[in-house]
Amino acid sequence: MVKRAPARRRPRKAKPGTKGFEPAECRLGQPEGSAADAAEAVEKAGGCVVGLYREPLGGHPTLLAILPIDKIEPTPFQRDLSDAHHKRLADVISKTGHFLDPVIAVVAPAGVFWTPNGRHRLEAMRRLGAKSITALVVAEREVAWQILALNTEKAHNLKERSLEVIRIYRGLVDEDGSRPESGFAFYLDQAALVTLGVCYERVTRFGGGAYHPILRRLEDFSDDPLRTALKQHEKRATMVLELEEKVAAVVKKLKDRGLMSPYLRSFVVARINPLRWIKGDAPPLEDVLKTMRERVARFNVEKIRPQDLAGAAGPPDEES
């Protein structure tokens, strides 16, 4: 029986003024504990701490620091750099003459800092030839893994989310692959994104949107060690890509017959998806993918009419 993930509930809106700290309570004197270690790392890197405070919601000690720009790097698992975006941002910063949006930074190995959500600002400042950059240095290194949950201002598309998740996952494995996968559900968002991330690593133009609903329904985080669970995701990704090859062949035949739609892949996948008819508990993902491979092998393109595509919807065939 497939274990279903519990429904997500948004926290209720709190009463005004009932959470966190008053402004005066956020003032800190000398850094202590992990904050002191972070301050020492800033000084060793050639930076300077210009402020220290308790962030007003959770009370976590946070440093306001100026870091040498060559001592800060993007985390190795975040979304790919947008060339157009960082150049446009550099133009705006240059015109205003102000850098007013500090990057978030955590202490990383080898005497550098990672920024989990400031890649474009960092590259824009580098493009302008800046020597230093303003950063909010968080003492807790695990914040670097939580970036997918924290980064809600610019929505990721499915490809970006999946690639970021698999990069986080591989980073977690490198750090300690013996920890249970289920312990990182908050960081990784969906188990399906791990499998899709492997697919996108292997095939850049993979149309994952057509398969996402199936994987999202049937995959859940396990209690297996991260290293073991990753092998299962890689195995499933191989099965998905093998199915995609057969689906792509059917899509090509439909196009050769003159049937054109931006949703051809989603149409074919929907036709061969057995979950449409299954109520209640669904079979394991591996069985569903096997059934879909068998059905796509028997797919008769001659029976598809233009009017059959009229109601087709879903993600476009190829995601940018």
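Here are some notes:
- Helix 285-297 axis, angle to the chain major axis (alpha carbon atoms, nearest 10°): 40
- Members of K71/K231; K159/K303; K159/K235; K252/K303; K44/K95 lying beyond 26 Å, as alpha-carbon distances in this model show: K71/K231; K159/K303; K44/K95
- Semi-axis lengths, Å, the chain, gyration tensor of Cα atoms, sqrt of 5 times eigenvalues: 44, 23, 18
- With neighbour counts taken as other beta-carbon atoms within 10 Å, the residues T18, T115 rank, fewest first, as T18, T115.
- Expected 222 nm ellipticity per residue - DSSP helices of 4 or more, -39500 (n - 2.57), all of the chain, to 500: -13000 deg cm²/dmol
- Cβ-to-Cβ counts within 10 Å put L28, L63, L89 in ascending order as L28, L89, L63, the fewest first.
- Pairs of alpha carbons in region 23-146 whose separation is greater than 18 Å (percent): 51
- Peptides 230-236, 175-181, ordered by how many other C-beta atoms sit within 10 Å of their residues on average, highest first, read 230-236, 175-181.
- Over the chain, Cα pairs under 8 Å with separation of 6+ residues give a relative contact order of 15 percent.
- Distance cut-off 24 Å, percentage of C-alpha pairs in region 155-309 lying past it: 37
- Highest average packing first - 158-171, 94-107, Cβ atoms within 10 Å: 158-171, 94-107
We did not get these values from a lab; they are worked out from the coordinates using the rules stated. Keep in mind it's a predicted model, so treat the numbers as computed, not measured. A quick note on method: Cβ atoms are made from the backbone with ideal geometry, for glycine too, and the neighbour counts reach across all protein chains shown.
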